[in-house]
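The values are calculated or read from the model by the stated rules, or taken from the named source; none is laboratory data. On a predicted model such as this, the values are computed, not experimentally measured, just so you know. No Cβ is skipped: glycine too gets one built from the backbone with ideal geometry, and neighbour counts run over all protein chains shown.
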Amino acid sequence: MNKVVAFPGKGEARSKKEKRGGGGGGGAPPGERDALEAKVAEINTSHAFVLQGGRSFVLRELIHPTLHQPTQEFLTTTAFKDLFGIDRFYDAEQDRYTGLGHLWLKHKARRGYFGVTFNPEGAPDGWYNLWRGFTIEPAPATEDYRHHCRQFPTLTDHVLSNVAGGDKALAKWIWAWFAHMIQRPIERIGVALVLRGRQGSGKSALGDAVGMLLGPHYTLIDDPRHLVGNFNAHLASCLFLQADEAVWAGDKGAAGRLRSLITSSRTLQERKNIDAEQVRNLVRLLMTSEEDWVVPASKEERRFAVIDIGTGRMQDRAYFTALFSELKNGGLPHLLRFLMDFPLEEVSLNQLPRTEALFEQKAANFDTETEWWYNCLQQGAILSGHRKWAHEVPSAGLYASYLSFAERTKARRPFSNARLGIKLRQLIPLEYGFKPGKIKVEVDDVLPDGSRIPGRNGDGTPKTEWVNGYQMPGLTACRQHFCAMVRHDIKWPDDDVSGAPDCEKADSDAPF
């Protein structure tokens, strides 16, 4: 509960003056003091004096007219005086009648707080807590927490069949992500859940369902400005944020702010006309999108868990109507209890599911050099016009292959030959057998018409010369290293990947 504080000073001084008989006039009519006290108590039920950004405001509690859930707004003291300016009472200090708002602001019994915070575990004394709790009470606990799923079977099926594609281990990870938010709301895991799917596939249904438990602490947005814009007061009391088509991965300016929102324990909160201030960041982010490229995922990505929604229930209105009907008719308390009792120790949320959807996001963010090398690994050849993997590659031929790719993909600033060599040391470490140096290559003879034929010495042996080049590891080793680098088991177009690391397998004993 929010503990009210009395601000010392004026209230005490005024009480002494009132004891002396007021301001010298005729004084308040009989009974008016009691009427004023009653009005102050009435205003206290929905208003409080607070400090925000070093300025004074009156916090007003109300029920949102369309969402029908608790919310708050901050009134300037001038607006508050105007709101309660019609009712007038005798002011003993000034020996005249004045507005009720003015009198409440300097009344010793006014409700007031040192500041505003958002803490599901409780606020310090004298601070107003924006946390309103869950919308419903949880169902009684059972011996097996999974039994609660029987009260919302369609949502359970949606998570397993449509969201997780039948992968029980993935379904369990998804449920753990939501359970962590319910059980440990102030602990950061630094992972956003990203659901990608076609219109009508139900990619927003899971977030909407869990959001029903949180009321005003669940926010749905569809504009990038509300996700990474300057004014973010709507996130002040947000625990669960669902962003529907609200960000584009190619917006590099927004990428840093998006990552900070996901991982940082603090954020800069900025309201209009109020100085920005550092506050605790408790937001958990769920992103839904139809786009191919959704998030700015890096090769070593640890912030985005990207999952593709299946199309098995696409545009199935009866299915999703049943899903929400079950929740509204007794399922919500059981959903809350299920999430409260979920065994978080059985899931490592920091180990992202290695999905094809996540790899596609990583690939979309490859720089030109990594994309070219990935293309070479896909083709099984480095040099243009060759169909086999070369173990010795002249640097001129390798660079020509890269430049040709850069031109086709319209790269803005292709690397020089020297910079490409440095980049290759990241893509193929020396311990995998990669070594720059001199290599022996066969030389072509150029005919008068400009055509080329394999050069021959007088004894019929191939003509050769020493040139700058690279000794290359085998194709399997290069592919294996690339898989490790991007943390994904890539499905190559041939069978030459037997040594590649396996991705995590579904646990057949998972409880979903």
>> Return the residues of region 303-326 that are of a type in the set (Lys, Arg) and over 25 Å from the mean Cα position of the chain (by Cα); say none if nothing qualifies.
In response: 313, 317
>> Given the condition small (Gly, Ala, Ser), in contact (Cβ under 8 Å) with a residue 24 or more places away in the chain and either crowded, with 16+ Cβ neighbours inside 10 Å or in contact with a Lys or Arg (Cβ under 8 Å, 6 or more places away or on another chain) (or both), answer yes or no: does some residue in region 54-77 qualify?
In response: no
> Across region 128-147, which residue is surrounded by the most Cβ atoms within 10 Å (Cβ to Cβ) among those that are among the small types (Gly, Ala, Ser) and farther than 30 Å from residue 116 by Cα?
Replying inline: 139
> What pairs come up if the first residue lies in region 253-269 and is within 13 Å of residue 192 (Cβ to Cβ), the second is hydrophobic (A, V, I, L, M, F, W, C) and part of a loop (DSSP other than H, G, I, E, B), and their beta carbons are under 8 Å apart, counting only those six or more places apart or on different chains?
Replying inline: 255/249; 258/247; 258/295; 261/283; 262/191
> When you scan region 194-206, how many residues do you find that are surrounded by fewer than 22 Cβ atoms within 10 Å (Cβ to Cβ) and either touching a strand residue (DSSP E or B) at 6+ places or on another chain (Cβ under 6 Å) or of a type outside the set (Gly, Ala, Ser) (or both)?
Replying inline: 3
> So which of 357, 411 ends up being crowded, with 17+ Cβ neighbours inside 10 Å, at pLDDT below 95 and either assigned by TED's automatic domain parsing to the domain that holds residue 295 or touching a Lys or Arg at 6+ places or on another chain (Cβ under 9 Å) (or both)?
Replying inline: 357
> So which pairs qualify, if the first residue must be in region 78-106 and farther than 24 Å from residue 51 by Cβ, the second must be surrounded by 15 or more Cβ atoms within 10 Å (Cβ to Cβ) and of a type in the set (Phe, Trp, Tyr), the Cβ gap must be under 6 Å, and the two must be at least 6 apart or on different chains?
Replying inline: 97/90
>> If residue 154 satisfies all but one of (1) surrounded by fewer than 17 Cβ atoms within 10 Å (Cβ to Cβ); (2) among the hydroxyl-bearing types (Ser, Thr, Tyr); (3) closer than 30 Å to residue 340 by Cα, what's the number of the condition it fails?
In response: (1)
> Any idea which of (1) modelled with pLDDT under 85; (2) assigned by TED's automatic domain parsing to the domain that holds residue 401; (3) over 36 Å from the mean Cα position of the chain (by Cα); (4) on the phi < 0 side of the Ramachandran plot is the one residue 495 doesn't satisfy?
Replying inline: (2)
>> Can you name every one of the helices (runs of 4 or more DSSP H) wholly within region 293-409 that holds 3 or more residues which are among the charged types (D, E, K, R)?
In response: 356-364
>> Residue under question is residue 118, and the condition is that it be crowded, with 22+ Cβ neighbours inside 10 Å, of a type outside the set (Lys, Arg) and under 29 Å from the mean Cα position of the chain (by Cα); does it hold?
In response: yes
